[in-house]
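Reviewing the structure listed below.
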Amino acid sequence: MENSQFPWRTDHRSEKVKPIRVVIVGGGFAAVQFAKTLRKQLRSSGCEILLFNRENHMVFHPLLADVAGASINADAAAAPLRQMLPGVSCRTERVERIDLASSEIEFADGNGAVNRLQYDHVAIACGAESNLGIIPGMTEHAFAFKVMRDAIDLRQHVVRQMENAEAATDAERRRWHLSFVIVGAGFSGVEVAGEVNELVRSSMRFYRNFRKEDVSVTLVHSQDQILPEVAPTLREFARKKMEKAGVTMVLNTRAVAATHEGIELNNGRMLPGATIVCTIGTAISPLVQHLDVPKERGRIRTTPDMRIEGHTNAWAIGDCANIINAVDGKPSAPTGQFAERQGRQAALNLVRILKGESSRPFSFKALGQLCSIGGYQAVAEMFGVHISGFIAWFLWRGVYLFKLPTWSRRIKVALDWAWDVIFPRDLSFLNTDAAQHLTHAFYRPGDFIHRQGELARVFSVIEQGEVEILQSKEGSQEPVVLAVLGKGDFFGEGALLGNRPHETSIRARTAVRLGQVGSALFSQIAGSFSPFRDLLSQAVTRRSGDFWRRLPFAKSLLDGETLAPLLDPLPAKPLREETTLADAVKALNESSTGELLVLDEKQRLWGTLDRGDLYQMIARIAATPTETQAYVSRRKLNELLPGNPVYVTLEDSLLVASATMLDHGISWLPVVQSKDDLRPVGSIRGEKITNRMIEKMEHTQSDQARAAS
Ligand SMILES: Cc1cc2nc3c(=O)[nH]c(=O)nc-3n(C[C@H](O)[C@H](O)[C@H](O)COP(=O)(O)OP(=O)(O)OC[C@H]3O[C@@H](n4cnc5c(N)ncnc54)[C@H](O)[C@@H]3O)c2cc1C
């Protein structure tokens, strides 16, 4: 291994030895051990240690499930870094960038100013992030389980669901509030399921409106066994014990989408649940993503002594690094156990290098595995011995108590656990008002976003996809599609402004992502920002619901009438996404209607273009001052138009087409084959629908006159 690169620096003017500066990025298992070991080995006069972490505490992840299950308080599982690390300068700042070439880090201080700091050595220990984006809808509807906030939020939510269930008058809704779905049955999934199950079932005696049968806690796992990391006998023990305690296992099954109602499985089944916890999916931290160094599946590749390949003064440890273990020649597991050892051994290697000695490769034989499964039960594999049941649970608690970073934490956790054995779990929760929130939601095709007659809770803006506005006919349960809304459209404002229940239902026509503003926040914005208020009042007067209420006969004339006879045919040469602005203007001038369709490479509808769009495109170009005239005319439509136009399908009625035009304030619409086949078949114009309506009215009147005579 290499010899010293950075002896203690000498200031030649004063001939005084300057301490070297070591910067640590992160404050988790690896970073804390690295800092502790280095501080023990090197005096402050010889080495300045700065630790940058986003939070001012270290999170003890193995106890997060206990926080979520209310068996310990959150502060017991979070240790303040500066109290844990005397002699280390702890900075609660996020490192934005590391420049390995100039040995500098860049970070934003509390006031938003960007600062740079030089180092002699840097240790990157920024862990990994949770990534709910791997399954549609998880980001909007599931709890991640990685940071302290996740555990606190989950605990609040679980207790809120029990309160909601107590108040529910509808039995199905009550069961939904009491259905908890946990995705992923690795260590954290199993521990969360065990704790949530214990919290809910042990607290049932304090509620009068629900029974044991109403509660369901379900673990969904893609493999045929839970806890794939432990021995088969222990897995089997854990499964049986958890099932006996009331946890349902759905194995060999994947979650494919999450919605407000629950999760959709790959076998097509919908698993309802007001609480979804997603313990799968990790992502590389953005800091590591932007680092131009060799990586293995996103993790930083290191030399055996844990320095980043190709660098002599940069170290990578913990979950963000791919470190080969000399014991078995395999990459280290992303666990706290390994991260701690890496932190310690990397710090010792740095000391060796500073002393001019050789560094050593990382080497560690894992001690074993421990997993609590709820109900005073656990499974453990320690030094090759398998233990399960109450003794394993006692061992689990003992080991983690001992592993906690400070004595004050150990005493706090011990007291919380003792309290939990004697007294019931704490059911208080902070009532954060959902009406004040800005959130996101995901719906699958066919899901109802709200139903006619329900009270309005949110104002929604469509970020992606389309919805249908539906209205039930008097005396009939079968709703009629009134109109279609697409990207950028909004709904819910009428009921919120009028403080009345929804007069229409909204159903997802495709997969839909919404931005949602809670009712109280919406009222504040609508009350204080006049441009927004004006936009809303225009929408309310334009909305087709009111129009049809005033002209009920027009509605019944158009309902059920098909679009096909009134379609304008497709132009011989539709535009393509890549058509240049110059060619598009030419085509528009030659068009008899002044309205054109734009297709993608699979001949599906991508956008529409009319003269109004031309002005918008020119305004967009004008906002980019460097554009030359020649370049402007070569700009492509997909650079200038937003795409995703609103459309109707051949299966829709004239009522849907005319109401959609009314809602959008437009006079024509593209028509595609079907919801699943977006190849256009023509377009439909408002004036043709009006003519058709007048024709039908005349027929009806003459039929009535004939009948009367
Ligand atoms: C719920 C759960 C339970 C677990 N249970 C166990 C268990 O029982 N046993 C076990 O061995 N392992 C367990 N693990 C895994 C273990 O927690 C991780 O392997 C371990 O935390 C990795 O340590 P680390 O130091 O690499 O990263 P972390 O502990 O994740 O710490 C990384 C730190 O870096 C900070 N950070 C990130 N980016 C920046 C930035 N740009 N600037 C400043 N700071 C930044 C973060 O805020 C964080 O504090 C569990 C994990 C979870 C989520």
Checklist outcome for this item: Of the residues in region 133-153 that are open to solvent by less than 10 Å² (accessible area, probe 1.4 Å) and within 18 Å of L271 (Cβ to Cβ), the one that is farthest from the ligand (Cβ to nearest atom) is G137
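Can you go through G643, G686 and tell me which one is on the phi > 0 side of the Ramachandran plot and open to solvent by less than 40 Å² (accessible area, probe 1.4 Å)?
Values: G686 fails: on the phi > 0 side of the Ramachandran plot.
Among G643, G686, only G643 is on the phi > 0 side of the Ramachandran plot and open to solvent by less than 40 Å² (accessible area, probe 1.4 Å).
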Checklist entry - What tally of residues in region 29-78 results from selecting those that are part of a helix (DSSP H, G or I), near the ligand (Cβ under 7 Å from one of its atoms) and open to solvent by 10 Å² or more (accessible area, probe 1.4 Å)? => result 3
Item to check | Within region 555-572, tally of residues that are among the small types (G, A, S) and either surrounded by 17 or more Cβ atoms within 10 Å (Cβ to Cβ) or part of a strand (DSSP E or B) (or both) | outcome: 0
Item to check | Flag for S222 being among the small types (G, A, S), open to solvent by 10 Å² or more (accessible area, probe 1.4 Å) and on the phi < 0 side of the Ramachandran plot | outcome: yes
Checklist entry - Taking region 200-233, which residues are hydrophobic (A, V, I, L, M, F, W, C) and within 16 Å of the ligand (Cβ to nearest atom)? => result L219, I226, L227, V230
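Select, from I280, I300, I263, the only residue that is open to solvent by 50 Å² or more (accessible area, probe 1.4 Å), touching a residue at least 40 places away in the same chain (Cβ under 8 Å) and either within 15 Å of the ligand (Cβ to nearest atom) or not in a loop (DSSP other than H, G, I, E, B) (or both).
On the way: I300 fails: open to solvent by 50 Å² or more (accessible area, probe 1.4 Å); I263 fails: open to solvent by 50 Å² or more (accessible area, probe 1.4 Å).
Within the list I280, I300, I263, the selection yields I280.
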Checklist entry - Just a yes or no: is a residue in region 464-485 at pLDDT 85 or above and open to solvent by 50 Å² or more (accessible area, probe 1.4 Å)? => result yes
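Quick grid of which residues meet (1) closer than 30 Å to G46 by Cβ; (2) out of contact with any Lys or Arg (no Cβ under 9 Å at 6 or more places or on another chain); (3) surrounded by 19 or more Cβ atoms within 10 Å (Cβ to Cβ):
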{"position": "P304", "(1), (2), (3)": "yes, no, no"}
{"position": "R307", "(1), (2), (3)": "yes, yes, yes"}
{"position": "A316", "(1), (2), (3)": "yes, no, yes"}
{"position": "Q342", "(1), (2), (3)": "yes, yes, yes"}
{"position": "V351", "(1), (2), (3)": "yes, yes, no"}
{"position": "R360", "(1), (2), (3)": "yes, no, no"}
{"position": "A380", "(1), (2), (3)": "no, yes, yes"}
Checklist entry - In region 652-662, is there at least one residue being in a loop (DSSP other than H, G, I, E, B), under 30 Å from P552 (Cβ atoms), touching a strand residue (DSSP E or B) at 6+ places or on another chain (Cβ under 8 Å) and open to solvent by 30 Å² or more (accessible area, probe 1.4 Å)? => result no
Item to check | Top-ranked residue in region 283-297 [being open to solvent by 20 Å² or more (accessible area, probe 1.4 Å) and more than 19 Å from S102 (Cβ to Cβ); ranked as nearest to the chain's Cα centre (by Cα)] | outcome: A283
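In region 102-132, what residues are at positive phi and either at pLDDT below 90 or within 14 Å of the ligand (Cβ to nearest atom) (or both)?
G112, G127, listed by residue number.
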Checklist entry - Any idea how many residues of region 323-335 are away from the ligand (no atom under 12 Å from the Cβ) and either of a type in the set (D, E, K, R) or closer than 27 Å to D120 by Cβ (or both)? => result 4
Next on the checklist: Against the conditions (1) within 10 Å of the ligand (Cβ to nearest atom); (2) in contact with an Asp or Glu (Cβ under 7 Å, 6 or more places away or on another chain); (3) open to solvent by less than 20 Å² (accessible area, probe 1.4 Å), where does E96 fall short? Just the number, please.
Outcome noted: (3)
Item to check | Conditions (1) open to solvent by 50 Å² or more (accessible area, probe 1.4 Å); (2) away from the ligand (no atom under 14 Å from the Cβ); (3) not in a loop (DSSP other than H, G, I, E, B); (4) not small (G, A, S); number of the one not met by L395 | outcome: (2)
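List the helices (runs of 4 or more DSSP H) inside region 123-181, counting only whole elements, that have at least 1 residues being farther than 25 Å from R513 by Cβ and in contact with a strand residue (DSSP E or B) (Cβ under 8 Å, 6 or more places away or on another chain).
Values: elements: 138-141, 148-167, 171-177.
Fully inside region 123-181 and qualifying: 148-167, 171-177.
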Checklist outcome for this item: Conditions (1) open to solvent by 40 Å² or more (accessible area, probe 1.4 Å); (2) touching a residue at least 60 places away in the same chain (Cβ under 8 Å); (3) in contact with a helix residue (DSSP H, G or I) (Cβ under 9 Å, 6 or more places away or on another chain) -> L637 fails only (1)
Checklist entry - Condition test on L401, is it touching a Lys or Arg at 6+ places or on another chain (Cβ under 6 Å) and modelled with pLDDT under 85? => result yes
Checklist entry - Quick one: what pairs do we get from region 96-111, first residue in contact (Cβ under 8 Å) with a residue 12 or more places away in the chain, second in a loop (DSSP other than H, G, I, E, B), C-beta under 6 Å, 6+ apart or different chains? => result L100/H311; S103/Y119; F107/E93
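Could you count how many residues in region 318-333 are open to solvent by less than 10 Å² (accessible area, probe 1.4 Å) and assigned to a strand (DSSP E or B)?
1
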Checklist entry - What residue, of S179, S188, is of a type in the set (S, T, N, Q), crowded, with 19+ Cβ neighbours inside 10 Å and more than 16 Å from the ligand (Cβ to nearest atom)? => result S179
Next on the checklist: For region 680-709, which positions are part of a helix (DSSP H, G or I) and either touching a strand residue (DSSP E or B) at 6+ places or on another chain (Cβ under 6 Å) or among the small types (G, A, S) (or both)?
Outcome noted: G686, S702, A705, A707, A708
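Given the criterion within 9 Å of the ligand (Cβ to nearest atom) and either of a type in the set (A, V, I, L, M, F, W, C) or in contact with a strand residue (DSSP E or B) (Cβ under 6 Å, 6 or more places away or on another chain) (or both), identify the matching residue among F362, F338.
Details: F362 fails: within 9 Å of the ligand (Cβ to nearest atom).
Checking each option against the conditions leaves just F338.
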Next on the checklist: Looking at the structure I just gave you, is V159 in contact with a Leu (Cβ under 6 Å, 6 or more places away or on another chain) and open to solvent by less than 50 Å² (accessible area, probe 1.4 Å)?
Outcome noted: yes
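The values are calculated or read from the model by the stated rules, or taken from the named source; none is laboratory data. Everything quoted here is computed from the prediction, not taken from an experiment. Ideal geometry is used to build each Cβ from the backbone, glycine not excepted, and the neighbour counts take in all protein chains shown. These area figures cover heavy atoms from the full protein model, side chains too; ligands, DNA and RNA do not enter into them. Shrake-Rupley method; radii C 1.70, N 1.55, O 1.52, S 1.80 Å.
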